[in-house]
Amino acid sequence: MTDNNHNSDSSCGFSETLVAVLYNEANEQESAEFRHHLAKCGACSEEFAAFGMMTTAVSDWRETEFAPLLTPNIVLLSEFEINAVKSSGEVALFDGLRRFLSLPQFGWQMAATFGALSIFMLLGFALIANWRSSSEKLVVETPPFASGVSAPSLNSNSESNSPLENVNVAEIDQQTKVTNNRIAKPVAVSTRKSGKAPKQVGQTIVIETPKRQSSIRKQTPQVEDIGILPDETEDTSPRLTDLLDEIEPSV
Amino acid sequence: MRREETDEKLVEMALANDREAFGEIVRRWERKIFALCYGMLHREEDARDAVQETFFSAYRNLKNFRGEAKVSSWLHRIAVNQCLTRMRRLKTKNESALEDEDENDSFFAAAGSLPSGAAEQKERIETVRRAVNALPNDLKQIVLMKEFEEMTFQEIADALEIPLSTVKSRLYTALKQLKMRLEKTPLEVI
């Protein structure tokens, strides 16, 4: 490393010493040798000065932009969370549980309110459906009787011991079936003539089911309006007076 | 006292389920790693994310840490990889305009219209930033470790696992390239 080795592209072999002196990390011997060389070599002096400007510029950049920045707060996950991350398939579960359990109080209140409202609505729907079905049954159980004729009890379990009522039940029931068949037929014929499937016309399915009576009652006009009531001349049901005569023959 | 423990000793303690030990490692290196990431990424948010990912990755892979390497080397390697990954991502998205600009145009100041005061300083810093960013990655890293992290030559050599003389020669080369690039701009500004 002599002055004769000066080259415009080199630092006379003092490159490492140059940067060490530049950053004050050279020992005393290295520093002395280098400064002695600088006194004799203009190129190295110029290069040393230019490098000084470079480091000053970079330091200025650091001081201006980086130095005011706060050191980021490094957040390390707990061992539990890290194990959860490592285990595939558990990440979503644990993360979801953690988020769910960390709901604020307001969130819990909203969830409880929503749950209660849902339950009440379901109960309401159930009650309404139950009420409708029970009201339909009441309609079905009432046979269509002509005006002026009192409807005897159709309840076979009636406490009445009158044999008259029991006989009436069977015959009236039969009549009811006949009547209902007469009511049903127009509906059945009309739907079939239209070519539509029964289920496509209102509640025509009811033809096949016990509920047809209530639906027919809803869809079709009242029996009295249709006038399908059996003609009095064709009424073959026993009269009350006749029955009474049988029981208590005129003396 | 944990502050007297070496980095390697702290890693051993951390592997023994001592979380405070790794916390001490974080406290020792978070600022330096942050400085390196900022110097490479030039954006505070990106640098913060890179630092977080660096230590998070290190914590997760503690078991994979080989005792023959130094902790500083290990952390710097992770940090540089994080930064390079983000730089590639940013380059793909065209968010970074620094690498795409013509280097010659960026170093010329408008003749007769030098900004003054803070604007002048900003212009100067921007010029230096671009010059450093244009360096090859190995040279840029040494410049950043020396200027931003303020590490000694020996610490840089330990972190990069290269000889001390290699660190000094690379720094010399980096400064020479910076000089060549910045010679196009009026040095009087600097």
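The values are calculated or read from the model by the stated rules, or taken from the named source; none is laboratory data. The shown structure was predicted, so the numbers you read here are calculated from the model rather than taken from an experiment. Using ideal geometry, Cβ is built from the backbone for each residue, glycine included, and neighbour counts are taken over all protein chains shown.
Within region B:119-145, restricting attention to residues that are of a type in the set (Lys, Arg) and facing chain A (nearest Cβ under 9 Å), which residue is surrounded by the most Cβ atoms within 10 Å (Cβ to Cβ)? Step by step, filter region B:119-145, then rank; the result is B:Arg124.
The set of residues from region B:151-164 being free of Cβ contacts under 8 Å to residues at least 12 places away in the same chain and surrounded by fewer than 18 Cβ atoms within 10 Å (Cβ to Cβ) comprises B:Thr152, B:Gln154, B:Ile162, B:Pro163, B:Leu164. Filtering A:Leu103, A:Leu127, A:Leu77 for residues that are away from chain B (no Cβ under 13 Å), farther than 30 Å from B:Ile125 by Cα, under 38 Å from the mean Cα position of the chain (by Cα) and at pLDDT below 90 leaves a single hit, A:Leu103. Only a single criterion out of (1) in contact with an Asp or Glu (Cβ under 8 Å, 6 or more places away or on another chain); (2) modelled with pLDDT under 90 is not satisfied by B:Phe107, namely (1). Restricting region B:56-67 to residues that are facing chain A (nearest Cβ under 10 Å) and out of contact with any Phe, Trp or Tyr (no Cβ under 8 Å at 6 or more places or on another chain), the residue that is modelled with the highest pLDDT is B:Phe56. Filtered by the rule that a residue be within 30 Å of B:Asp49 (Cβ to Cβ), facing chain B (nearest Cβ under 7 Å) and among the small types (Gly, Ala, Ser), region A:44-72 gives A:Ala57, A:Ser59. Return the residue satisfying two criteria in turn: it lies in region A:1-43 and is of a type in the set (Gly, Ala, Ser) and more than 22 Å from B:Phe153 (Cα to Cα), and of such residues it is modelled with the lowest pLDDT. Among those that are of a type in the set (Gly, Ala, Ser) and more than 22 Å from B:Phe153 (Cα to Cα), it is A:Ser8.
Checking B:Ile156, B:Ile162, B:Ile142 one by one, the residue that is under 24 Å from B:Ile78 (Cα atoms), modelled with pLDDT of 90 or more and assigned to a loop (DSSP other than H, G, I, E, B) is B:Ile162 and no other.
Looking only at residues of region B:9-20 that are assigned to a helix (DSSP H, G or I) and under 17 Å from B:Arg66 (Cα atoms), we find that the one that is farthest from the other protein chains (Cβ to nearest Cβ) is B:Lys9. For first residues located in region B:77-94 and within 10 Å of B:Ala50 (Cβ to Cβ), partners that are acidic (Asp, Glu) and surrounded by 13 or more Cβ atoms within 10 Å (Cβ to Cβ) and lie 6+ apart or on another chain with Cβ distances below 6 Å form the pairs B:Gln82/B:Glu53; B:Arg86/B:Asp46. For region B:119-139, the criterion of a residue being at pLDDT below 90 and at positive phi is satisfied by no position.
Of all positions in region B:31-39, none carries a residue that is within 12 Å of another protein chain (Cβ to nearest Cβ), assigned to a helix (DSSP H, G or I), surrounded by fewer than 22 Cβ atoms within 10 Å (Cβ to Cβ) and over 13 Å from the mean Cα position of the chain (by Cα). Applying a threshold of 8 Å to beta carbon distances and a minimum spacing of six or more residues, or different chains, the list of pairs starting in region B:35-47 at a residue that is closer than 12 Å to B:His76 by Cβ and ending at one that is among the polar types (S, T, N, Q) reads B:Leu36/B:Gln141; B:Cys37/B:Thr54; B:Cys37/B:Gln82; B:Met40/B:Gln141.
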